[in-house]
Amino acid sequence: MSTETATVRRLAGLRYNWVIYVALAFLGGLLTFVGAMAEQKATDDATFRKLTDAYCAAWSSGKTENAAKFYAKTDGLIFYDVAPFSYNGWKEYQTGVQKEFLDSAVSVTLTAGKELKVTRRGNIAWTTVPMHLSEKTKDGKDVELELRYTGIWEHHGKTWLLIHEHISTPLG
């Protein structure tokens, strides 16, 4: 074998090794990225499960001031509830829910289902979850409602705040 042929083979082998090293580095980076995304998803799921359960406990207290900490107070935000159609901003929401529901209730229990779904894009996340509302009214009625809940959350510092929510109940 000539020296020239040996040199060409050695250079081809080095190029081949370089391609393998680059491919392995790319694969390692891809696995790290996928692992980080899965870890972020698990963290988000746990964070929003805790937030959703605390949200339900706050509303179950029957006091709007306990739920206030979950809402952004920015003007122009819209919140859809079972009744009436919508509220413009937290102040209107707080007053309206107090009047429509809480003033006539002896007790209220709001419970989130296990099927919480969280989707996050940067500082915005949305959650969907079925909920159940049990209410005992001052006139002796028991109200049981299955609810559909969608919350749009925005990250503010270390806190997630609702900037929009939609609560509805199936007809029938």
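Since every read-out is calculated from the coordinates, none of them should be taken as a lab result. For clarity, every value in this text was computed on a predicted model and none was experimentally measured. Please note: Cβ atoms are built from the backbone with ideal geometry, for glycine as well, and neighbour counts cover all protein chains shown.
Points to keep in mind about this one:
- The residue of segment 114-127 that is nearest to TYR149 (Cα to Cα), among those that are out of contact with any Asp or Glu (no Cβ under 8 Å at 6 or more places or on another chain) and surrounded by 14 or more Cβ atoms within 10 Å (Cβ to Cβ), is THR127.
- Against the conditions (1) within 30 Å of ASP45 (Cβ to Cβ); (2) outside any strand (DSSP E or B); (3) out of contact with any strand residue (DSSP E or B) (no Cβ under 7 Å at 6 or more places or on another chain), ASP75 satisfies every one except (1).
- In segment 129-154, residue farthest from LEU51 (Cα to Cα) [restricted to those that are in contact with a Gly (Cβ under 8 Å, 6 or more places away or on another chain) and surrounded by fewer than 16 Cβ atoms within 10 Å (Cβ to Cβ)]: HIS132
- Within segment 79-97, considering residues that are touching a residue at least 60 places away in the same chain (Cβ under 8 Å) and touching a helix residue (DSSP H, G or I) at 6+ places or on another chain (Cβ under 8 Å), the one farthest from TYR149 (Cα to Cα): PHE79
- Per-region count, segment 98-157, residues out of contact with any helix residue (DSSP H, G or I) (no Cβ under 8 Å at 6 or more places or on another chain), outside any strand (DSSP E or B) and either more than 20 Å from PHE85 (Cα to Cα) or touching a residue at least 12 places away in the same chain (Cβ under 8 Å) (or both): 13
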